[in-house]
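Since the structure comes first, as structure tokens, the remarks are kept for the end.
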Amino acid sequence: MESNKSRGTRTLFWMKATLALSAVMGVMVILAMHLASIDGFAMKSPAASSVDADVAMNMMFYFLGLSFLGFLFFISWCVYQIFWLSWMFRATRNLRAVTTTAFSPWGAVICSALPYVGLLIHYFIFKNLVKQTEDALNARRQSSSRTAAEILSKVQVVDKNFVNGFAIMALLAGSIGFIRETSISGILTVVFSLISVVCYMKSFSSFIKEEQALFEIYQEEQLLAKVDQVLWERKLESEAKNASTENPVENK
């Protein structure tokens, strides 16, 4: 079992960065459309010849700005995907050290990366990871270890409403365009997508804390097991030494 905290933290950071860049891009697209309509109206006016250069310059700057933001968004999204898939592989592999999971590490990564249906499959993968992690933590609440009790006292369970909300909003965002093709449906798709991402970030943030808590408890269990093993070996050595001292004739 290896610590997955750094991967989870980086994934969450790049998830937020990607969301922020997408929001800025959306605002700039709306602003560019608004300015294009104003400039288009100005070009139809009698003094259009005097504003042609300004209009062209404004549109060029906005196009360059959007292109640059699009490039940053693409880089951010790629980095986020790399950390996210890496985190998922390690999270599943770690959890299999103490319990079972519905998907293997590679199965979870491949299924989540599938186009169109990957997000829906990931909902079941993530839900299973949350359930198995919380079951493993609950099984250790009766432990006599003081360290385990302190760790568990600081852990809050993942809100299942956020987990389910992430899937429901994603389904609504993906299906609303097929129901009716209007400008309103486009706006609703964006809104549902943003809500889905926010719900996922909320549940993801809570889960990586649970994941780290399980790792710390597991590390303590392994340390105690090694200590017990050393003490047991020393006890056997001591008993063997005492036996040889008490029966020197038999040893000869």
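The values are calculated or read from the model by the stated rules, or taken from the named source; none is laboratory data. Predicted model only: the values in this text are computed from it and were never measured. All Cβ positions, even for glycine, are placed from backbone atoms using ideal geometry, and neighbour counts span all protein chains on display. The area values use the complete protein model at the heavy-atom level, side chains included, leaving out ligands, DNA and RNA. Shrake-Rupley method; radii C 1.70, N 1.55, O 1.52, S 1.80 Å.
What residue, of SER153, SER193, SER144, SER185, is of a type in the set (Ser, Thr, Tyr) and closer than 20 Å to LYS5 by Cα?
So the residue among SER153, SER193, SER144, SER185 that is of a type in the set (Ser, Thr, Tyr) and closer than 20 Å to LYS5 by Cα is SER153.
If you go through the stretch 179-196 one residue at a time, do you hit one that is touching a Phe, Trp or Tyr at 6+ places or on another chain (Cβ under 8 Å) and at pLDDT 90 or above?
For the stretch 179-196, residues touching a Phe, Trp or Tyr at 6+ places or on another chain (Cβ under 8 Å) and at pLDDT 90 or above: present.
Kindly evaluate GLU220 against the criterion of being in contact (Cβ under 8 Å) with a residue 60 or more places away in the chain, open to solvent by less than 90 Å² (accessible area, probe 1.4 Å) and among the charged types (D, E, K, R).
Answer is yes for this residue.
Evaluate the stretch 61-70: report whether one residue or more is modelled with pLDDT under 70, open to solvent by 80 Å² or more (accessible area, probe 1.4 Å) and part of a helix (DSSP H, G or I).
So far as the stretch 61-70 goes, no, none of its residues is modelled with pLDDT under 70, open to solvent by 80 Å² or more (accessible area, probe 1.4 Å) and part of a helix (DSSP H, G or I).
Of the conditions (1) among the charged types (D, E, K, R); (2) over 15 Å from the mean Cα position of the chain (by Cα); (3) modelled with pLDDT of 90 or more, ARG140 satisfies every one except a single condition; which number is it?
Tallying (1) among the charged types (D, E, K, R); (2) over 15 Å from the mean Cα position of the chain (by Cα); (3) modelled with pLDDT of 90 or more, ARG140 fails exactly one: (3).
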